[in-house]
Each structure stands twice: as structure tokens, then as C-alpha cells.
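Below: the structure, in C-alpha cells.
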Amino acid sequence: MKQLLVEIDDDTVERLDKIAPARSRQRSAFIRAAIRRALWEIEEGRTQEAYTRLPDSAEDAYLDPDAWEAKELRAPRKAPPRR
């Protein structure tokens, strides 16, 4: 894992300390999760923009209903015979 040095203003640090204090080692985990979420939201936004510019047509779509069927709706498997 790499380390980054990031400068944060005093108000943000105070707010962060209330949620994820440094002494309990929650701060780093909180910041990592926040970065992951922000990156995910950016990637999702880019995907949405791409589909808005060039949406799938009905001919492009492929659907396998068996792949989406809930497990509880599938036929139950038979138990193997007992020995």
C-alpha cells in the first residue's frame, strides 16, 4: 500500500475527527472508503454519459433469463442418494 501526504484545512480535520478519530485508527479507513466511493461515482457518471450519447438498441441487448432468475424460483436439486 502506498502512502500519500494530503493537506486538509482545519475545519475539515475537525469534522473528520468527530467521525473518524485518528487515535482509533478509523481515519485512514474512512478516507480510503471516501476515495473509493468518489472514484466509483465518477466512473458511474462517465458510464451514464456514454450510454446517453450512444444508447444500446434492442438488437444490441442480450438477455439470458436463466442468469437473472432468483435461486428460490429455480427447480430444487435432488439430494444425492445416501450410502
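A few remarks follow.
- In summary, R82 fulfils each of the numbered conditions (1) charged (D, E, K, R); (2) under 24 Å from the mean Cα position of the chain (by Cα); (3) assigned to a loop (DSSP other than H, G, I, E, B) with the single exception of condition (2).
- Residue count for segment 30-71, restricted to those that are part of a helix (DSSP H, G or I), aromatic (F, W, Y) and at pLDDT below 80: 1
- Residues that are within 21 Å of the chain's Cα centre (by Cα) and of a type in the set (D, E, K, R) within segment 3-55 comprise R27, R32, R36, R37, E41, E43, E44, R46, E49, listed in sequence order.
- Residues satisfying the stated conditions in segment 4-22, i.e. within 17 Å of A33 (Cβ to Cβ) and part of a loop (DSSP other than H, G, I, E, B): L4, V6, I8, A20, P21
- Pairs where the first residue, in segment 4-27, is surrounded by fewer than 10 Cβ atoms within 10 Å (Cβ to Cβ) and the second is among the basic types (K, R) and not in a loop (DSSP other than H, G, I, E, B), C-beta under 7 Å, 6+ apart: none
- Test: R27 is touching a Leu at 6+ places or on another chain (Cβ under 7 Å) and either assigned to a helix (DSSP H, G or I) or at pLDDT 95 or above (or both): yes
The values are calculated or read from the model by the stated rules, or taken from the named source; none is laboratory data. Note that the structure is a prediction, hence the values are computed from the model and not measured. Glycine gets a Cβ as well: all are built from the backbone with ideal geometry, and neighbour counts include every protein chain shown.
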